[in-house]
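Below is one structure, written out as structure tokens, with a few remarks after it.
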Amino acid sequence: MTTELTLDLFSPLVGQPFALDGAPEGPGLELVEATALPAQPAAPRHTPFSLVFRAADATGLAQGMARLHHARLGPVELFLVPVGQDAAGRYFQALFN
């Protein structure tokens, strides 16, 4: 993917599904949050942001690089960090700063 990953790119996708590479028909992730973060002086990125995905427990996803697929974006590789769990699933965050 050659498109720059920005908050504006992901914000309209909140609530939409992302498939995990290698399991296009299996349980995937849902983008549940796209949030701007405070800008850092002299940072190269204009708007730092955070993405939070919810995954079903059955995904077996752990911290690390994950290749996700979205119908509009195509494939995108993100470093995901587990940040919580509740009855709805496990939550993973990707930070862009």
Please tell me if A66 is over 17 Å from V14 (Cα atoms) and within 11 Å of the chain's Cα centre (by Cα). yes
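When the residues of segment 40-79 are narrowed to those that are among the small types (G, A, S) and assigned to a loop (DSSP other than H, G, I, E, B), which ends up surrounded by the most Cβ atoms within 10 Å (Cβ to Cβ)? Explain how you work it out, then say what you get.
Quick first cut of segment 40-79, residues among the small types (G, A, S) only: 42-43, 50, 55-56, 58, 60, 62, 64, 66, 71, 74.
Next cut, assigned to a loop (DSSP other than H, G, I, E, B) only: 42-43, 56, 60, 62, 71.
On the way: A42: 5, A43: 10, A56: 15, G60: 11, A62: 11, A71: 10.
My answer is A56.
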Name the single residue that is surrounded by the fewest Cβ atoms within 10 Å (Cβ to Cβ) among those in segment 17-39 being at pLDDT below 75 and not charged (D, E, K, R). G22
Please enumerate the residues belonging to segment 72-97 that are in contact (Cβ under 8 Å) with a residue 24 or more places away in the chain and aliphatic (A, V, I, L, M). L73, V76, L78, L80, V83, A88, A94, L95
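The values are calculated or read from the model by the stated rules, or taken from the named source; none is laboratory data. This is a predicted model, so every value here is computed, not measured. Methodologically, a virtual Cβ is constructed for each residue, glycine included, from the backbone with ideal geometry; neighbour enumeration extends over all protein chains shown.
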